[in-house]
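Engineer: Here you go, one structure.
All of the numbers you see were taken from the coordinates with simple rules; none came from a lab. Quick caveat, the model's predicted, so the values are computed rather than measured. Positions of Cβ are generated from backbone atoms using ideal geometry, with glycine treated the same way; all protein chains shown enter the neighbour counts.
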Amino acid sequence: MASQTTGSWWNDRLPIRAAWRSQLTNYPAPKNFNFWYFFGSLLLLVLATQLASGVFLAIHYQPNPDLAYWSVLLTMMRDTHWGWLIRYIHTTGATAFFVLLYLHMYRGIMYGSYKRPRELVWIFGVTIYLVLSAESVLGYLLPWGQMSYWGSTAVMNFATAIPGIGNDIATWLRGSFVVGLPTLNRFFVFHVFLIPFVLIAVILLHMIALHQVGSNNPDGIEIHDHRGKSGWPVDAVPFQPYFTVKDSVGVGVFLLIFFWFVFFAPQGGGVLIDKLNYTPANPIQTPPDIHPLWYFLPYYAVLRGIPEKFYGVLAFAFVFVMLFALPLLDRNPIRSIRYRSALYKLNVVVLPLVFVWMGFIASGSATEQNMVYGMHVTEVLYCTFWFLPYFNKPRPRWVTVAWFVVFEALIWLIDFWMFATHAHGWPLMVRTTWIPALYVAIVMLSALAWPRLAHDAPRLPERLTAGGLLH
Ligand code: HEM
């Protein structure tokens, strides 16, 4: 009774209990949440882990070029009790963050969770992706190893691509003509004090926007359209206990995998922590190959693919423009991939495959062959976004022919431009131009030959279906 009184004392002044109930325990969650719905709560878990481990790392870290490397590799890893564990949790957490983020984003794409009324949930999501990427770039400099130093030097150099004022901007960002003490100090402050707060703020907005409209689900059918007498959506169950229990299974499996890496493979063969980062930064010795972390590799393929740095940066930025614009590009009223056409399904499957493919190409050395290859696979990635408006409604044959001609022409024009500017020779380009050209042909010519492949399901179920595990 006494605790109830204390509870109501608080609740009368600060409605935490009411918010906890309406937003968490009693939140109406669609009954058919599947495997793909594990990642939101896992992302929150990794956020908390990164914040907590980051505080302990910051306590021992020295943001000074003479001390930074040793404060991590010696003080933290050897002299501090359990320091190695905290550091490996933080480095593995960074990778886990991006693995989960990519899966979580892909779920949104598959089930059309970016569509009305969830456009803002998506837009805040893409903003989180940008902010988290900035957080990762800033943190990567801190151990002051060779890859930290030269990776950050390469990132800062992208600013020089801006015509006219690029060099001044790069110098201003670095606080010096080369990456040095001022750069390390500001990266430390931004990584530890500024960006985490921005990240938390955007995640809050993401959650508020989601809870305002309610969750989508694997069928993409609005659960709030069918309510019982009490007003409760008939296809929803309260989050507690149904999804707290289900999510705890996800948390258990995730922690097993996560701690396997922390204890048995913390470097992940050079993927989680680059091997070159076990050498202190040396500003007068450039490593033969500078790579970003694995989760940025696909973007590296975009940047490297275009010889003119300015256009490379534009092409890179455009990927984010397309992500933000997804609710505008795909305006088909059907949300879930389950009820979309076979060719749309193909497009959604090709998207992550080419993204990974681009990453593999970028992990190779910077030969001309790899650059051209990367550019052509990037064109397929662009196509997967630009085909979305085509799938918005059934198209007459002439529209399909027009899309085919325009896209094939674009692909060959880009090559012609490269040839005309002496960027690359024809033989090298033709060896890989077939990749985007074939993708355009497969989608558009199949739609011409077998129009049924471009037809969405004629009717949607009225209520949620059980569905398979992955579907
Ligand atoms: C730290 C990063 C993030 C956190 C902590 C986070 C958290 C969450 C949580 C807890 C949910 C509800 C549970 C679920 O649906 O899985 C959710 C839903 C959602 N998130 Fe995120 N999210 C993050 C990043 C992103 C990003 C980068 C995007 C997209 C670019 C995104 C797009 C969405 C969408 C569209 C939904 C609604 C899904 C649906 O109802 O079907 N999120 N997020």
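Engineer: Please report the base-10 log of the normalised intensity I(q)/I(0) for the range 233-298, using a Debye sum with one equal scatterer per alpha carbon and no solvent, at each q in 0.16, 0.19, 0.24, 0.29 (1/Å).
Structural biologist: Normalising to I(0) and taking log10 leaves -0.75, -0.87, -1.06, -1.20.
Engineer: Would you mind calculating the gained length between Asn26 and Ala201 on full extension (0.36 nm times residue separation, minus the Cα-Cα distance), in nm to one decimal?
Structural biologist: On the way: separation 175, 0.36 × 175 = 63.00 nm, distance 2.37 nm.
My answer for the length gained is 60.6 nm.
Engineer: On to the next question. Around Glu119, with a cut-off of 14 angstrom between Cβ atoms, what is the net charge of the other residues, counting Lys and Arg +1 and Asp and Glu -1?
Structural biologist: On the way: positive: Lys115, Arg116, Arg118, Arg331, Arg335; negative: Asp330.
In short, +4.
Engineer: Whose amide H sits under 5 Å from the amide H of Arg227, counting only residues 5 or more places off or on another chain, with H placed in the peptide plane?
Structural biologist: Val234
Engineer: Please report, in whole Å, how far the alpha carbons of the range 185-269 spread along each principal axis, starting with the longest.
Structural biologist: 59, 33, 21
Engineer: Considering only C-alpha atoms, what is the centroid distance from the range 242-256 to the range 138-154, in Å?
Structural biologist: 35 Å
Engineer: Let me ask something else. Rank-order 22-34, 71-83 by packing density, defined as the average count of other C-beta atoms within 10 Å over each peptide's residues, highest first. Could the numbers behind the result be given before it?
Structural biologist: On the way: 22-34: 17.2, 71-83: 15.4.
Ranked by mean Cβ neighbours within 10 Å, highest first: 22-34, 71-83.
Engineer: Convert each backbone phi in the range 125-132 into a coupling constant with the Karplus relation 6.51 cos²θ - 1.76 cosθ + 1.60 (shift: θ = phi - 60°), then list the ³J(HN,Hα) values in order as whole Hz, x for Gly and Pro.
Structural biologist: Residue by residue, the range 125-132 yields x, 5, 5, 4, 4, 5, 5, 5 Hz.
Engineer: Leu194 versus Leu130, label points 7 Å from Cα toward the beta carbon: distance in nm?
Structural biologist: About 1.5 nm, to one decimal.
Engineer: Before rounding to the nearest 500, sum -39500 (n - 2.57) across all DSSP H runs of length at least 4 in the chain and divide by the residue total; then give [θ] at 222 nm in deg cm²/dmol.
Structural biologist: On the way: 17 runs with 283 residues, N = 471.
That calculation yields -20000 deg cm²/dmol at 222 nm.
Engineer: Give the long-range amide H neighbours of Ala29: residues separated by 5 or more places, or on another chain, with amide H under 5 Å away, using H modelled in the peptide plane at 1.01 Å from N.
Structural biologist: Result for Ala29 returns Val237, Phe239.
Engineer: Here is a further query. To the nearest 0.05, what FRET efficiency results for Glu462 and Gln267 with a Förster distance of 60 Å applied to their C-beta separation? Display every interim value, and only then the final one.
Structural biologist: Working: r = 52 Å, r/R0 = 0.87.
My answer for the efficiency is 0.70.
Engineer: Also, quick follow-up: Testing the spin-label approximation: label points 7 Å from Cα along Cα→Cβ at Arg331 and Phe177. State their distance in nm.
Structural biologist: Each label point is offset 7 Å from its Cα along the Cβ direction, giving 5.3 nm.
Engineer: Under 8 Å for C-alpha pairs, at least 6 residues apart: give me the relative contact order for the chain, rounded to a whole percent. Write down the numbers at each step before the final one.
Structural biologist: Values: 539 pairs, mean separation 93.9, N = 471.
So the answer I get is 20 percent.
Engineer: Over the Cα atoms of the chain, Rg to Rh with Kirkwood Rh, two decimal places? Working shown, then result.
Structural biologist: Values: Rg = 24.7 Å, Rh = 24.8 Å.
Rounded to two decimals, Rg over Rh is 1.00.
Engineer: If you don't mind, there's one more thing I want to ask. What ranking, highest mean first, results for peptides 397-404, 375-382 when packing means the other Cβ atoms within 10 Å averaged over each residue?
Structural biologist: Details: 397-404: 14.6, 375-382: 24.4.
My ranking of the peptides, most packed first, is 375-382, 397-404.
Engineer: Which entries in Lys345/Lys393; Lys31/Lys393; Lys229/Lys393; Lys31/Lys229 show an alpha-carbon gap greater than 25 Å? Present the calculation step by step, with values, prior to reporting the outcome.
Structural biologist: Values: Lys345/Lys393 15 Å; Lys31/Lys393 29 Å; Lys229/Lys393 36 Å; Lys31/Lys229 18 Å.
Pairs exceeding the cut-off: Lys31/Lys393; Lys229/Lys393.
Engineer: Contact order normalised by length for the range 175-307, with contacts defined as Cα pairs under 8 Å and 6 or more residues apart; what percent is it?
Structural biologist: Working: 29 pairs, mean separation 9.7, N = 133.
It comes to 7 percent, rounded to a whole number.
Engineer: Arranged by the count of other C-beta atoms within 10 angstrom, fewest first, what order do Phe407, Phe190 take? Don't skip to the end; give the middle numbers.
Structural biologist: On the way: Phe407 23, Phe190 17.
Lowest count first: Phe190, Phe407.
Engineer: Would you tally the net charge around Phe187, using a Cβ to Cβ cut-off of less than 14 Å, leaving Phe187 out, and scoring K and R as +1, D and E as -1?
Structural biologist: Net charge in that neighbourhood comes out at +1.
Engineer: Mind sorting Val406, Val179 by how few other Cβ atoms lie within 10 Å of their own Cβ, fewest first? The partial results should precede the final answer.
Structural biologist: Working: Val406 13, Val179 27.
The fewest-first ordering by Cβ neighbours comes to Val406, Val179.
Engineer: Going by how many other beta carbons lie within 10 Å of each one, how would you line up Ser365, Ser133, fewest first? Mind dumping the intermediate values first?
Structural biologist: Details: Ser365 9, Ser133 17.
Neighbour counts put them in this order, fewest first: Ser365, Ser133.
Engineer: Under 17 Å from a point placed 7 Å out from the Cα of Val399 along the Cα-to-Cβ direction: which residues of the range 311-333 have their backbone N that close?
Structural biologist: Those under the cut-off are 328-333.
Engineer: Okay, next question. Report the semi-axes of the equivalent ellipsoid for the range 303-462 in whole Å, largest first, where each axis is √(5λ) for an eigenvalue λ of the Cα gyration tensor. Write out the running numbers ahead of the final one.
Structural biologist: Values: eigenvalues 184, 59, 36 Å².
Semi-axes (√(5λ), whole Å): 30, 17, 13.
Engineer: At a Förster radius of 22 Å, what calculated FRET efficiency corresponds to the Cβ-Cβ distance of Ala409 and Glu368, to the nearest 0.05?
Structural biologist: Calculated value: 0.35.
Engineer: What is the local net charge at Met110, summed over the other residues whose Cβ is closer than 13 Å to its Cβ (Lys, Arg +1; Asp, Glu -1)? All intermediate terms of the calculation are to be shown ahead of the outcome.
Structural biologist: Working: positive: Arg107, Lys115, Arg335, Arg338, Arg340, Lys345; negative: Asp219, Asp330.
Once positives and negatives cancel, what remains is +4.
Engineer: Can you give the extra length, in nm with one decimal, that the chain gains between Ala154 and Leu453 once fully stretched, where that is 0.36 nm per residue apart less the Cα-Cα distance?
Structural biologist: On the way: separation 299, 0.36 × 299 = 107.64 nm, distance 4.48 nm.
Additional length available on full extension: 103.2 nm.
Engineer: What relative contact order, as a whole-number percentage, does the range 255-405 give when Cα pairs under 8 Å and 6 or more residues apart are counted? The partial results should precede the final answer.
Structural biologist: Working: 114 pairs, mean separation 42.8, N = 151.
Relative contact order for the range 255-405 comes out at 28 percent.
Engineer: Something else about it: Between Tyr242 and Leu428, with labels modelled 7 Å along Cα→Cβ, what's the label distance in nm to one decimal, could you check?
Structural biologist: Calculated label separation equals 5.7 nm.
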